[in-house]
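Chemist: Here's a structure for you.
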Number of protein chains: 2
Amino acid sequence: MFSFFPTARVRPSPFFEAAVAEGMVAANVYNRMIMPTSFGDPEGEYWRLINGVSQWDVGVERQVQLKGPDAGRLAQILSPRDLSACKIGQGKYVPLCNHRGTIINDPILLKLSDDLYWLSIADSDIWLWASAIAAERGLNVEITEPDVSPMALQGPKAEDVVAHVLGDWVRALKYFWFKETEIDGIPIAVQRSGWSKQGGFEIYLRDGTQGTKLWNIFKEAGKPWGIGPGAPATAERTESGLVSVGGDTDDETNPFEVRLGKYVDLDVPDDVVGIGALRKIEAEGPKRHQLGLIFDASMPVPFGAKREDITFDGTKVGVMTHCTWSPRMKANIGYALISTDVKAGATVSVNRANGSMAARLVELPFL
Amino acid sequence: MFSFFPTARVRPSPFFEAAVAEGMVAANVYNRMIMPTSFGDPEGEYWRLINGVSQWDVGVERQVQLKGPDAGRLAQILSPRDLSACKIGQGKYVPLCNHRGTIINDPILLKLSDDLYWLSIADSDIWLWASAIAAERGLNVEITEPDVSPMALQGPKAEDVVAHVLGDWVRALKYFWFKETEIDGIPIAVQRSGWSKQGGFEIYLRDGTQGTKLWNIFKEAGKPWGIGPGAPATAERTESGLVSVGGDTDDETNPFEVRLGKYVDLDVPDDVVGIGALRKIEAEGPKRHQLGLIFDASMPVPFGAKREDITFDGTKVGVMTHCTWSPRMKANIGYALISTDVKAGATVSVNRANGSMAARLVELPFL
């Protein structure tokens, strides 16, 4: 643990002041922006997500906007998932791959109109990537990062809060579908979405000067449901089997290795970036898979920033990409990216700083 | 100020443990890696850089390696600076631009052989960018991030320390030239380089398991010269007029606006990314320029993460991209990215959180 100071290179989100006012005590950096990660009560924040409603500054989920006659064509070229049936107002989870079939990001794609799309991105420079592909292919599309910043309401009571603020129509929104609207004159889009499996919404703020006001509207409205601040929760996302691109993946990871093969449509057009490589990988079968790890013992050395080797019968078979304490399972759990030769049910050794520790491999998700 | 915890997504450098042992108290994130920024004695660290020798973990300067028959061709396609005379063993500072002529990074390019180049990058995903351009153009070149991590020795006494460790031959290295060598069996490359104007070297570690050992070799050798830990110093780089891409630049900034036009050769081949746009910008003349700001008064509100508007005669003419206290000038200084209509010598207003403050515009560098 050490201190961090904002700079011009690493931006705050429009909700930064609200997060500081809420008592933010820790943060990380994501897309060169500050992402709050703790408000000082990790257990309380976890249970609020599981049982109540938690309010998150996820303005770090930058939007890459594709606008123009070729916007839809570029969206499909970037996406190895078939978008031909995607409707206006619909969102889709799309793992983006490079020409070698390696995952480089896994945004939610939002179709706002036939010539306007957003990619609500994970942590890599998709603005650069999309700009390169579009320009090299001579597409007529403008790629920008618009003034759009998501705030999340997550947890089983999130729907009640969002419906209280915006109306009961939000209850009818299907998963990843969204609607453009406004509240107190603040332009927003509302989507059933969010990086947890506890249900909820993301509110896309479309005026970066109104972050504190928007935050406080939901904070006030959520009081009867016990709303409080939180952040994307390592324990919950691990229990739920969500993938963190860049954390769980490396420079060689393809979608089939990390349970994302269902989002790859092998029959998309041949001009989709990486589809040739993905067809070949699928045909040959991936060499690694992602499994869960459950440790028998407590973990005297907290997981830091280094992936730790996993051995089976004395041979290195993969790495542990992260691990965490699960309050619901009352166990230390983690993810393995590991040879497909080693299956769920096996017991492996994780080579930690203070010695090896046994863990059992299980299928994901845990819960 | 808030706390930061490493995760798998945000990597440590091979010098991380050495930096922790040195007493790192603050860090930032750069290229999704942890960069130490303070060891608890800002003034001491500053004067050590100015008068002595400072040791920096700059492993965050990732290398993007171009390898193969088309490596040189790709290097030139990415670089609006003429590389045709670049020799093996030579490095060159190269602002990379997108197709619209916007700066996206400003690496040092190192030519290791005719088919092997490194781009020692600033903070953006040039691995993605270079991969996109190479694949779209069908070039025969492999793009990877090799196991190479720079450590810097900076300050007027750095040469003595590096010569003591490696031999007096290092004194003959010209600026940005480098040599591959080893020390105690650790493979390295040594370059006269570094993100300060106080002179010094960057030692490119080529075996990530040897970071602590390499750190300690130079730490021990430097004791007679008073070596100690430090980090890229905002005050020094501002006084010296160095550009921080992403901090001083935005999504529309071209090289001519931030004093980097001398690194653009308008007669490079037409297939260089962005050269068409850069020729047009140069012909029309840039609309903004980068000047220094000197405040008369102290700064009750420290500069945070937001660019602050600059007004002249009541009209917004640009932004302050950062500011800092200069121990040598004994003044608060900063950078303005501002309309070319407003010239050095003018006094402008910077609209700070607690009110506007007067500052005088000057040409850069300050010192």
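The values are calculated or read from the model by the stated rules, or taken from the named source; none is laboratory data. What you see is a predicted model, and the numbers here were worked out from it, not measured in a lab. Using ideal geometry, Cβ is built from the backbone for each residue, glycine included, and neighbour counts are taken over all protein chains shown.
Chemist: Evaluate the following for B:Glu43: is it within 14 Å of another protein chain (Cβ to nearest Cβ), in contact (Cβ under 8 Å) with a residue 40 or more places away in the chain and either crowded, with 18+ Cβ neighbours inside 10 Å or not aromatic (Phe, Trp, Tyr) (or both)?
Modeler: no
Chemist: Could you please let me know if A:Ala135 is outside the structural domain of A:Gln210 (by TED's automatic domain parsing), surrounded by fewer than 23 Cβ atoms within 10 Å (Cβ to Cβ) and part of a helix (DSSP H, G or I)?
Modeler: Against the criterion (outside the structural domain of A:Gln210 (by TED's automatic domain parsing), surrounded by fewer than 23 Cβ atoms within 10 Å (Cβ to Cβ) and part of a helix (DSSP H, G or I)), A:Ala135 qualifies.
Chemist: Checking B:Thr7 against (1) facing another protein chain (nearest Cβ under 9 Å); (2) touching a residue at least 60 places away in the same chain (Cβ under 8 Å); (3) of a type in the set (S, T, N, Q), which single condition isn't satisfied?
Modeler: In the conditions (1) facing another protein chain (nearest Cβ under 9 Å); (2) touching a residue at least 60 places away in the same chain (Cβ under 8 Å); (3) of a type in the set (S, T, N, Q), B:Thr7 misses (2) alone.
Chemist: Continuing with the same structure: So which of B:Arg259, B:Arg206 ends up being out of contact with any helix residue (DSSP H, G or I) (no Cβ under 7 Å at 6 or more places or on another chain) and within 18 Å of B:Arg62 (Cα to Cα)?
Modeler: Details: B:Arg259 fails: within 18 Å of B:Arg62 (Cα to Cα).
Criteria check complete, one pass: B:Arg206.
Chemist: For the condition under 21 Å from the mean Cα position of the chain (by Cα) and surrounded by fewer than 16 Cβ atoms within 10 Å (Cβ to Cβ), what is the one hit in B:Pro156, B:Pro150?
Modeler: Numbers: B:Pro150 fails: surrounded by fewer than 16 Cβ atoms within 10 Å (Cβ to Cβ).
Residue meeting the stated conditions: B:Pro156.
Chemist: Continuing with this model, one more query. Name the residues in the stretch A:53-73 that are surrounded by fewer than 21 Cβ atoms within 10 Å (Cβ to Cβ) and of a type in the set (Val, Ile, Thr), would you?
Modeler: Listed by number, the list is empty, since nothing qualifies.
Chemist: Follow-up. Before we move on, is A:Gly89 of a type outside the set (Ser, Thr, Tyr) and either more than 14 Å from the chain's Cα centre (by Cα) or outside any loop (DSSP other than H, G, I, E, B) (or both)?
Modeler: So A:Gly89 fits the description; yes.
Chemist: On to the next question. Just the residues that are part of a helix (DSSP H, G or I) and either of a type in the set (A, V, I, L, M, F, W, C) or out of contact with any strand residue (DSSP E or B) (no Cβ under 8 Å at 6 or more places or on another chain) (or both), please, taken from the stretch A:110-132.
Modeler: A:Ile126, A:Trp127, A:Leu128, A:Trp129, A:Ala130, A:Ala132
Chemist: Looking at the stretch B:102-122, can you tell me whether even one residue there is within 14 Å of chain A (Cβ to nearest Cβ) and more than 15 Å from the chain's Cα centre (by Cα)?
Modeler: For the stretch B:102-122, residues within 14 Å of chain A (Cβ to nearest Cβ) and more than 15 Å from the chain's Cα centre (by Cα): present.
Chemist: Being outside the structural domain of A:Ile104 (by TED's automatic domain parsing), surrounded by 13 or more Cβ atoms within 10 Å (Cβ to Cβ), under 19 Å from A:Asp106 (Cβ atoms) and in contact (Cβ under 8 Å) with a residue 40 or more places away in the chain: is that true of A:Pro255 here?
Modeler: yes
Chemist: Against the conditions (1) surrounded by fewer than 24 Cβ atoms within 10 Å (Cβ to Cβ); (2) within 14 Å of chain B (Cβ to nearest Cβ); (3) farther than 26 Å from A:Ser326 by Cα, where does A:Leu242 fall short? Just the number, please.
Modeler: Unmet condition: (3).
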